[in-house]
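Worksheet: one structure, shown below.
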Amino acid sequence: MDELVCRLPPSAKVLDLGAGGGSFSYASTPAQVVAIDLAFPSQRQACLGSLTAAAERLPLQDHSMDVVICNHTLEHFTELEGAVQEINRVLKVGGHLWAAVPDGFSCDDRLYRLVFQGGGHVNQFSLQSFVDLLEKETELRALHYKVLHSGLVYLNPPSPEKLPHYPRRARVLGSIPSGMLLSFLRYANHLVRFVERHFHSHLSHYGWAVVLCREETRKLAQRTVAGTLTSMPEDVNVCFSCGTGHPESILVKILRPYRFWKAYPCPSCGMTNFFSRN
Ligand SMILES: [Zn+2]
């Protein structure tokens with residue numbers, strides 16, 4: 001995502017759809033950011049405009065956006081096809097959609113749905129069904145994708161403000177001493193990556209980030225087969241505390257070597273994570 005938004009000129013516009021407090025650091029792009037969500041938290045980043053609107057009725061002009069970011073949002077949209085058609089409408093020809101979604105059939109998503117009693121995930125994707133959905137009835141065409149790993153961040157100790165809004169089953173997280181839970185998650189996050197690497201499991205598999213381009217006209221005969229898409233390198237470690245992924249090229253500069261493992265302070269939140277090589 002950073003590669004996409006950081007290289008834009010100042011005249012470009014980025015739509016952060018389902019923004020919450022912000023899907024990325026708005027200061028990292030010279031472009032102008034428009035944030036849209038149904039509601040915003042009290043703490044959010046300054047941008048060109050924060051608009052309260054539904055994804056299937058975007059208050060934006062046709063072909064007005066250079067990039068649309070949907071960071072873990074499309075699995076929550078109840079009117080998904082309408083939202084995808086709106087994204088297609090507001091993107092300029094040659095503009096890009098960056099969309100990250102969970103693998104609806106992964107261990108991680110099943111655990112999330114179990115603990116959070118659905119957790120608002122109303123759409124369940126495989127990579128092919130996700131690409132099909134985005135390309136159906138639109139001019140969007142998939143370019144490449146990246147496998148994303150889980151950081152188990154949804155199991156973090158809830159803040160007192162958030163706890164009352166948790167479903168009953170998930171409130172057990174609030175009854176575990178936070179230090180104990182964070183320690184467990186630090187080790188668990190590393191363990192699932194270790195098992196994934198050495199036993200070729202999909203235990204830490206979260207989902208995918210897919211990059212699509214808005215073509216000029218729909219190419220019906222050229223629907224994408226997901227298996228033929230280029231996969232970008234899986235070089236990201238995901239922080240167990242804040243959920244931010246950082247590429248290996250950044251982390252190797254701040255690694256702290258220990259006898260049997262390496263650790264790094266998360267550049268986003270400062271929490272110490274074990275380092276996993278892919
Ligand atoms: Zn972090």
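The numbers here are math on the coordinates, done by the rules we state, and not lab data. Just so you know, these numbers come straight off a predicted model, no measurement behind them. Cβ coordinates were reconstructed from backbone atoms using ideal geometry, including for glycine residues, and neighbour counts include every protein chain displayed.
Quick notes
- The chain - Cys residues lacking any other Cys C-beta under 4.7 Å: Cys6, Cys47, Cys70, Cys107, Cys213
- Semi-axes of the equivalent ellipsoid of the stretch 151-237 are 37, 20, 10 Å, computed as sqrt(5λ) over the eigenvalues of the C-alpha gyration tensor in descending order.
- Kirkwood Rh in Å, taken over the stretch 1-135 so that all alpha-carbon pairs contribute: 15.4
- Protection proxy ranking of 42-48, 244-250, 132-138 - average other beta-carbon atoms within 10 Å, highest first: 132-138, 244-250, 42-48
- In this simple spin-label model, placing a label point 7 Å from the Cα along the Cα-to-Cβ direction at both Val225 and Gln61 gives a separation of 4.2 nm.
- Here the Debye sum runs over all C-alpha atoms of the chain as equal scatterers in vacuum, and log10 of I(q)/I(0) at q = 0.09, 0.12, 0.13, 0.17 Å⁻¹ comes out as -0.44, -0.80, -0.94, -1.55.
- Cα centroid of the stretch 187-208 to Cα centroid of the stretch 44-105, whole Å: 30
- Taking the stretch 23-98 and dividing mean pair separation by its residue count, relative contact order in percent (alpha carbons under 8 Å, at least six apart): 30
- Residue-count net charge about Glu79 - beta-carbon cut-off 11 Å; Lys, Arg +1, Asp, Glu -1: -2
- Note on the chain: with a GNM built from Cα contacts shorter than 10 Å, the maximum mean-square fluctuation among Leu140, Leu111, Leu127 falls on Leu111.
- Cβ-Cβ distance of Arg171 and Asp235, R₀ of 25 Å, FRET efficiency by 1/(1 + (r/R0)^6): the value works out to about 0.10.
- Stokes-Einstein D (µm²/s) once Rh is taken as the Kirkwood radius of the stretch 7-46 over alpha-carbon pairs, at 20 °C in 1.002 mPa s: 205
- Here the extension length gained between Trp261 and Leu203 equals 18.9 nm, from 0.36 nm per residue of separation less the Cα-Cα distance.
- Cα centroid separation - the stretch 240-272 against the stretch 1-35, whole Å: 24
- Helical mean residue ellipticity (222 nm; -39500 (n - 2.57) per DSSP H run of 4+; nearest 500) of the chain: -6500 deg cm²/dmol
- Exceeding the 29 Å Cα-Cα cut-off - candidates Lys92/Lys253; Lys92/Lys136; Lys162/Lys253: Lys92/Lys253; Lys162/Lys253
- Sequence-separation-based contact order of the chain, relative, with Cα cut under 8 Å and 6+ spacing, percent: 17
- Plainly put, the stretch 56-169 has a radius of gyration that is 1.01 times its Kirkwood radius, both from alpha-carbon atoms, as the Rg/Rh ratio.
- Taken one residue at a time, the phi angles of the stretch 88-93 give Karplus couplings (6.51, -1.76, 1.60, θ = phi - 60°) of 4, 5, 7, 6, 5, 4 Hz. Gly and Pro are set to x.
- For the chain, the share of DSSP beta bridges that are antiparallel, to the nearest 5, is 50%.
- Couplings 3J(HN,Hα) for the stretch 200-205, derived from phi with the Karplus relation 6.51 cos²θ - 1.76 cosθ + 1.60 (θ = phi - 60°), are 6, 8, 10, 5, 9, 5 Hz, where x marks Gly and Pro.
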